[in-house]
1. Evaluate the stretch 478-486: report whether one residue or more is at pLDDT below 95, among the small types (G, A, S) and surrounded by fewer than 23 Cβ atoms within 10 Å (Cβ to Cβ).
2. Got at least one residue in the stretch 488-501 being under 21 Å from D233 (Cβ atoms), surrounded by 20 or more Cβ atoms within 10 Å (Cβ to Cβ), modelled with pLDDT under 95 and of a type in the set (S, T, N, Q)?
3. Residues to consider are D123, D117, D105; find the one that is acidic (D, E), surrounded by fewer than 17 Cβ atoms within 10 Å (Cβ to Cβ) and farther than 23 Å from P181 by Cβ.
4. Does T157 satisfy the condition of being part of a helix (DSSP H, G or I), of a type outside the set (D, E) and under 24 Å from the mean Cα position of the chain (by Cα)?
5. Consider only pairs whose beta carbons are under 9 Å apart and that are at least six residues apart or on different chains; among these, list those whose first residue lies in the stretch 362-380 and is over 16 Å from N148 (Cα atoms) and at pLDDT 95 or above and whose second residue is hydroxyl-bearing (S, T, Y) and assigned to a helix (DSSP H, G or I).
6. Among the residues of the stretch 135-154, which ones are assigned to a helix (DSSP H, G or I) and either within 23 Å of R394 (Cβ to Cβ) or of a type in the set (S, T, Y) (or both)?
7. Select from the stretch 452-490 the residues that are in a helix (DSSP H, G or I) and of a type in the set (D, E, K, R) and write down the one among them that is farthest from G90 (Cα to Cα).
8. Among the residues of the stretch 227-237, write down those that are farther than 19 Å from E437 by Cα and out of contact with any strand residue (DSSP E or B) (no Cβ under 6 Å at 6 or more places or on another chain).
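The values are calculated or read from the model by the stated rules, or taken from the named source; none is laboratory data. The structure presented is a predicted model; accordingly, all values stated were derived computationally and were not measured. Here the Cβ positions follow ideal geometry from the backbone for every residue, glycine too, while neighbour counts run over all protein chains shown.
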Amino acid sequence: MRLTRSAPLLAAAGLMAATVPLLTATQVSAAPAADHLRQKPAWQRCSPEQPASYECATLKVPLDYRRPDGPTLDLAISRMKSENPAKRHGVMLLNPGGPGGGGLDLPLLMNESLPKDVREQYDLIGFDPRGVGRSSPITCGLNATEQNFERPYRPETYASDVAWAQTVADKCREKAGAVLPYITTRNTARDMDTVRAVLGERKLSYLGYSYGTYLGAVYAQMFPERTDRFVLDSAVDPKRVWRGMIQVWAEEGEPAFARWTQWAAERSAEYGLGDSPKAVSDTFWGLVARADREPIDFEGVKLTGDDIRTARPYFFYPAQASGLVTALKAAAEGKPLPAGADAAELKKMLRGGSGAGGEEPGSDNGTAVFWAVLCGDTGTWPRYAEQYERDAARDKAKYPLYGDFASNIKPCAFWQRPVEAATPMRTRANVLTVQNEWDSQTPLSSGQGLHRALKGSRMVLAAGGEGHGVYVFDPGSCANATVDAYLTTGVLPDKDVTCRNPQPPAATERGGSAAPSGRLPFPGGPGRF
């Protein structure tokens, strides 16, 4: 999800998180948690640099809800109250995605961005999910190389891929083994209900993006009687958690790539990549093959063909992909970059998945939570290295852009067994799902999967919409009016809504703001959904 307008806020949140000691297996507090539903938040101004209306507090939540009087974790929460008590409907909890993304600062962003009629109805509540940021953060002690999971499959290097996956799992177990099994979506949903209870609210409204859609769906299944107005934007398919949600990037990357080749061919005079879709495709794959033979020197960075293929998300944005491939072609031919090309931004686009942080201790917090949730939510991950190898070889042929990256071995192959099974989606949920047609991280098929799974839900689809994250983050989206109406009235549309997004201005085609950031794919932090 693109959080471009919130970048300064997220940077500040990241700075705060970096100053908080990270939780180890021996640092879980043992305060009695029997009172966790009766505690009262001690609100105080979050920071002298932030508005006085932006308040923060810390709650104690059970590490293991089966033992509510056992060890606890800190849960950092924030709020900005409605300024119109006469119109106040209740509280709205906010989540930016992840897993591993912090949301403590989201009330600041939403306070500025929500329409007045919506904003007046809610106290906006942000929180860092358990294990993240200021909520008893965990670490696995991973360096930048170990955090990078975009590993192409090659028979000659597969043993090192297996060793990497085993190393990540072992280091996580060593650093946070007592806490790790409880950093899950179901426990975060329980934390959400604790927040509801301590705020004295009968029901909870919610706005969640990307991974936050799955979190919201799980809450709606676990606490249906407490689910009020829920908006699930850019959705995860519950039937595909979690290996399938990585593999869907490869599956849906192929039609996005085909769409791009058509787009670029229609503009061959401008980009010079070929005058037919096949010619454009040949240009791209020719660059990949050339870089595999001899890495391309791109502004001082040596790029292999595998490096180029990690630009997969950008093919959902034809203008940005065209600018990137044109620049790569120029570099391969020893020519200067095209006029107007931003070399630094182009390098970020090609290195977006090359690690989630630096080498300093604790920089892997988001990655640690990412694996804790993906591996701890479900026991469906294969346990045999041979199966990952077969799947990666198969999918490299079937989905050549990204198939081997998606299906290659992951640390979950060596993770401890989950404490709980994944949440079945059986209970009716009268919620609103929101989706762009061309979303690189939770593609359309994924959004449709959540909509199907949640009986009673309605879906609003922005046909032609590009980007990960719709409501608020795309002010021009045709979906916004439907979401505004639902959040204002609580009434779902009578049926699903499909609207057509306006075409972006021609002036934004090269390097326009619709492109995903170089930190892709984590919204609000180093997450992947």
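1. Within the stretch 478-486, none of the residues are at pLDDT below 95, among the small types (G, A, S) and surrounded by fewer than 23 Cβ atoms within 10 Å (Cβ to Cβ).
2. Checked against the condition, which is being under 21 Å from D233 (Cβ atoms), surrounded by 20 or more Cβ atoms within 10 Å (Cβ to Cβ), modelled with pLDDT under 95 and of a type in the set (S, T, N, Q), the stretch 488-501 yields at least one hit.
3. D117
4. no
5. Here the result reads V373/T185; V373/T188; V373/Y211; G376/Y182; G376/T185; D377/T185; D377/Y214, each pair linking the stretch 362-380 to a residue that is hydroxyl-bearing (S, T, Y) and assigned to a helix (DSSP H, G or I).
6. Residue satisfying the conditions is T145 alone.
7. For the stretch 452-490, the residue satisfying everything is R452.
8. T227, the sole residue that qualifies.
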